[in-house]
Amino acid sequence: MRLAVVGTIVLLLSGVAMAQTDFTVDYTIQIGGDNHETQYKNDENVAFTEGSTTPPVQEGIVTWDVIAEASGSDIDGYSVQGIANLVFNIELQTEAGAAVAPKKFFSTINDGNDDSPRAVNNGVAEPFERAAFCLGWDVAMDYRWIDDGDGIVETGEYLDGLGPPAGPGRLYDPTTVGGPYMDRVQFPSTSYHGGGRMKGGVYFPDCNGNLTNDNTEENTTTDTDGNGILDVCEAMSQTVGGGLATEVLSAAKLSGMGAGYSQFTEAANNAGVGLAVASVIPNWGDFGDEWVGLGIKPVAEGQIDMTGLLEGTYKLVLTAPANSNNVIPPSFIVQSTPAMLGGFAAKAVVVNGAEVAFYWKPSVVQPIPVQPTLWQSWKTHTAVGPLAITLDATKTGTTRTTEPRNGGIEKIKITFDGSLAGAQYAGGVTITPAVSVTESTEGDNTIVLAITGDVDKTCYKIDVSTAFPVGGLKGTADPVCYVGNLIGDSNNSGTMTATDVSQVKSKVLPPWTNDNVRMDVNLSGTMTATDVSLAKSKVITGGVGACPP
């Protein structure tokens, strides 16, 4: 990692010990903190309240946070100037050290929400990720040096600041909003969930299972088996970042949480991450008033849904991948010869992981009820990608929406008006008659059902009430939707007649529009005589069979 510095910077250090010590990064992991989700969603930046290394009994959702601290000095006794980049993994284990998969790792603030005040004000949905970076960094909050013109640090010339008006920030936030601007970050991955990335503040979802928002950096939108995971992501899902299986992803583990500077300049960035505030006396020479000494604070946090696990003692164990943690060396800033300033970040010779034990018991917290607001049947059309047919849940078993495309029902998405985690969704949607179903979620408000074994000319009843506890669905909720499987039924009548064939035939001409989704019965993404022939071959007496009661 290249560190580039502009101008001549001389930094005086207090408490210098004239002895060389290993460059070190020490991690601490805590339980029971508070990310102030309500204020965050309301676009209010409130510093994360850290947890404890000796937490009380935990009930319901568990919140973890991580603190990183830098130390060490060079041969002249000058101290490191903070962390240059940090990377770590955390794993949920039993008290005896066996890995255990919770219901899920998730983030209450990086939940894909697009209608909160924060999302609306920024014009983008929140990232859909398993963890978050902590609010809490205030570049201006700790110490400010006010030079009286003589260039000498004197008593009274450094004092507490008030912080930038938009702070506190996160590690990747610019200094104007409180952060040190670590401009490259990586959210962690679990099995079949590749963490998103940020480069200079631009978010790139990367194989995180949210197909409608996945970045096209991978140059594909193909999901051949319809399981909600891009093919390219499925191929790489068992390793961090793809390639050789250097680390197998696991549902028990968050792999690759990280942040760092791609380069460092006095104008854009700030040193001092992981340093106690008082360890640095500000003296920036020619640069006037500057902020330094960001301190030792929580860097990352997230939540764990422990639903379904037995009551007892668990622990979170933090480890760091080899050669993944760097510090800003003294030689970057402290040199008698200005030409020697700058250079590369220095490897942390010692990286100390951490663990924290906590006792968890099932919560008696009541669910926050939700109701389904959108039911869709999704299939992939070769030339245009995944397209949906909206199902009408208000229809009865005799007027249900039909799925007319070849191959029948493959993927059903059910979107709710609130948090699935808050409603204590536990899985177990019922489909009658029975088919093979793989159930998953997108974000925290959509259930995805990947279906195999469905039969043409059959009506299916989908019931979500079996996936929630009592009180998990609103009293006004309609938990049932019917869908008929009838290949070629382009006009949604529930029968296959010459009318359907004529309707398909009327669309055999360019250009393609998504309005043709019901008529593209062969899923080619184009309207041709092949669609007409397929529809014609399905003209039969009768139609969709009776729906289950």
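The values are calculated or read from the model by the stated rules, or taken from the named source; none is laboratory data. The structure presented is a predicted model; accordingly, all values stated were derived computationally and were not measured. All Cβ positions, even for glycine, are placed from backbone atoms using ideal geometry, and neighbour counts span all protein chains on display. Note: areas computed on protein heavy atoms with side chains; ligands, DNA, RNA excluded. Shrake-Rupley method; radii C 1.70, N 1.55, O 1.52, S 1.80 Å.
The string of couplings for the stretch 172-186 from the Karplus curve (6.51, -1.76, 1.60, θ = phi - 60°) is 8, 7, x, 5, 5, 10, x, x, x, 6, 6, 7, 10, 10, 9 Hz, one whole number per residue in order, with x for Gly and Pro. Rolling a 1.4 Å probe across all protein chains gives Ile61 an accessible area of roughly 80 Å².
Accessible area ranking (1.4 Å probe, heavy atoms, ligands and nucleic acids excluded), largest first, for Thr499, Thr94, Thr54: Thr54, Thr499, Thr94.
Charged neighbours of Ala119, selected by a Cβ distance under 11 Å, balance to -3 (K, R count +1; D, E count -1). Net charge of the neighbourhood of Gly200, taken over other residues with C-beta under 13 Å away and scored Lys/Arg +1, Asp/Glu -1, is +1. Of Lys413, Lys347, the residue with the largest accessible area leads and the full order is Lys347, Lys413 (1.4 Å probe).
Protection proxy ranking of 418-428, 466-476, 177-187, 313-323, by the mean of other Cβ atoms within 10 Å over each peptide's residues and highest first, is 177-187, 418-428, 313-323, 466-476.
Among the listed pairs Lys315/Lys361; Lys41/Lys253; Lys41/Lys315; Lys104/Lys361, those whose Cα-Cα separation exceeds 20 Å are Lys41/Lys253; Lys41/Lys315.
Surface composition of the stretch 8-138: carbon and sulfur atoms hold 47% of the protein heavy-atom accessible area at a 1.4 Å probe.
In this structure, the amide hydrogen of Asp392, modeled 1.01 Å from its nitrogen in the peptide plane, lies closer than 5 angstrom to those of Thr401, counting only residues at least 5 positions away or on a different chain. Across the stretch 505-548, C-alpha contacts under 8 Å between residues 6 or more apart give a mean separation that, scaled by the residue count, equals a relative contact order of 33 percent. Only protein heavy atoms count here; on that basis, with a 1.4 Å probe, Arg518 has an accessible area of about 40 Å². What does the net charge come to around Phe133 if you take all other residues with beta carbon closer than 15 Å to its beta carbon, with K and R at +1 and D and E at -1? So the environment of Phe133 carries a net charge of -3. A 1.4 Å probe run over the stretch 405-541, with the rest of the protein chains in place, finds 41 Å² accessible per residue.
Ordered by 1.4 Å accessible area with all protein chains kept, Trp378, Trp360 run largest first as Trp378, Trp360.
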